[in-house]
Each structure stands twice: as C-alpha cells, then as structure tokens.
Amino acid sequence: MSDKQIRFPFRGLWEGMWLTLKTMLKPAPVTMYPQVQEEPVPRARGVIALDVEACTVCMLCARECPDWCIYIEGHKEEQPPSKPGGRPRARATLDRFDIDYSLCMYCGICVEVCPFDALFWTPEYEYSEPSITNLLHDMDKLTYWLGTVPEQPKLEKS
C-alpha cells in the first residue's frame with residue numbers, strides 16, 4: 001500500500017461531502033416561473049397562429065399533418081366579375097379551422113407546406129388547460145395569437 005492510502009482513508013468520501021456542502025450553500029439557478037417569465041428564443045416553436053385572410057382553404061396543411069390534428073371546413077362563394085362583362089368567379093371561404101393541440105407534435109410541417117403563408121409559429125407557450133378536451137383551439141384563438149408573431153428578420157443582400 002502507498003502512503004496516500006494509509007494517511008487519507010475515505011478520501012473520496014470526504015471530497016464528495018465537501019463538494020456537496022459547497023453546492024448546497026450556493027443559490028439555485030432556478031427561474032421562479034409564475035413570477036418571472038423567460039423570454040423564448042426568436043425561433044422558438046410555441047403555438048401556431050392563423051391569418052384568416054391569407055388562407056384559401058386549400059387544405060394542404062391538413063393533408064400533410066402526420067397527426068391529423070387540423071380540421072378545416074369551407075365553402076365556395078361566387079364573387080362578382082373584376083371587369084364589366086367578365087365571368088363571375090368562385091372563391092373559397094373559411095368556415096372552420098381548428099387545431100387539436102392534444103394531438104399536435106409541433107413538427108411544423110403545416111407551417112412549411114402552406115403556400116400562402118397563412119400559418120405562423122408564435123412564441124406563446126402558456127396555453128395549458130385543466131382538461132385535455134379544451135386543447136382544441138378554434139379559428140378565433142388562432143387568429144388572436146397572430147398578434148404575437150414576431151417580425152421576420154430582413155434578408156441579407158449578397
């Protein structure tokens with residue numbers, strides 16, 4: 001046996017206890033959540049917001065969703081011709097757009113596939129409900145979250 005093992009028995013135990021004591025006396029690096037809210041990073045995925053005016057009821061988002069958590073209903077309305085003597089046109093109008101956040105896995109496929117930029121990520125992360133059945137958010141709630149979408153960064157000139 002070496003001299004170190006004879007002089008300092010249980011050296012590992014003492015070093016561990018000393019580290020525990022030092023760590024125990026430091027303040028905890030915890031954010032007191034209800035009183036202090038953290039600012040999410042700019043590209044954080046919170047909830048999905050809907051721009052009703054941009055939506056054309058093409059249903060690409062609902063078809064591409066792997067969880068089938070988007071429910072869309074719409075109808076066609078006849079619009080007057082844009083020029084005199086022109087032909088009247090049919091335009092799709094959105095009746096229902098719901099997202100079931102109890103099923104959503106926040107993959108972002110619906111936001112990426114939307115050809116008309118009607119869906120956006122918002123930094124909102126506080127939307128918990130006491131019952132799982134209340135996580136089906138309708139068009140009004142999704143439109144309300146549109147106001148929290150941050151401004152998109154400008155593209156760099158190359």
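Derivation of every value follows stated rules applied to the coordinates shown; laboratory data play no part. Since the structure is predicted, the reported quantities are computational estimates derived from the model, not experimental observations. Methodologically, a virtual Cβ is constructed for each residue, glycine included, from the backbone with ideal geometry; neighbour enumeration extends over all protein chains shown.
Taking the chain as the reference, fit the longest principal axis to its C-alpha atoms, fit the long axis of helix 11-25 to the helix C-alpha atoms, and give the angle between the two in degrees, 0 to 90, nearest 10.
Computed tilt is about 50 degrees.
What residues from region 123-145 fall in the zone where the backbone N is under 20 Å from a label point 7 Å along the Cα-to-C-beta line of Asp100?
Within reach of a label on Asp100: 127-143.
Provide the convex hull volume over Cα atoms per residue for region 48-148, in Å³.
It is 106 Å³ per residue.
Taking the mean number of other Cβ atoms within 10 Å as a proxy for protection, how do you rank 144-150, 25-31 from highest to lowest?
In descending order of packing, they fall as 144-150, 25-31.
Towards the positive end of the charge dipole of region 77-127, with charges on Cβ (+1 Lys, Arg; -1 Asp, Glu), say which of Tyr125, Gly85, Val111 has the farthest Cα.
After comparing all options, I get Gly85.
Post the alpha-carbon centroid distance, region 12-69 to region 125-158, in whole angstrom.
15 Å
Nearest 20 debye, what's the magnitude of the dipole of the chain about its Cα centre given +1 on Lys and Arg Cβ and -1 on Asp and Glu Cβ?
Roughly 740 debye, rounded to the nearest 20.
Can you show me the helix-derived [θ] at 222 nm for the chain, built from DSSP H runs with n ≥ 4 at -39,500 (n - 2.57) apiece and divided by the number of residues, rounded to the nearest 500.
-6000 deg cm²/dmol
Set the Förster distance to 35 Å, then compute FRET efficiency between Ser158 and Phe116 from the Cβ-Cβ distance, nearest 0.05.
0.85
Regarding region 1-101, what whole-number volume in Å³ per residue does the convex hull of its Cα atoms give?
Roughly 257 Å³ of hull volume per residue.
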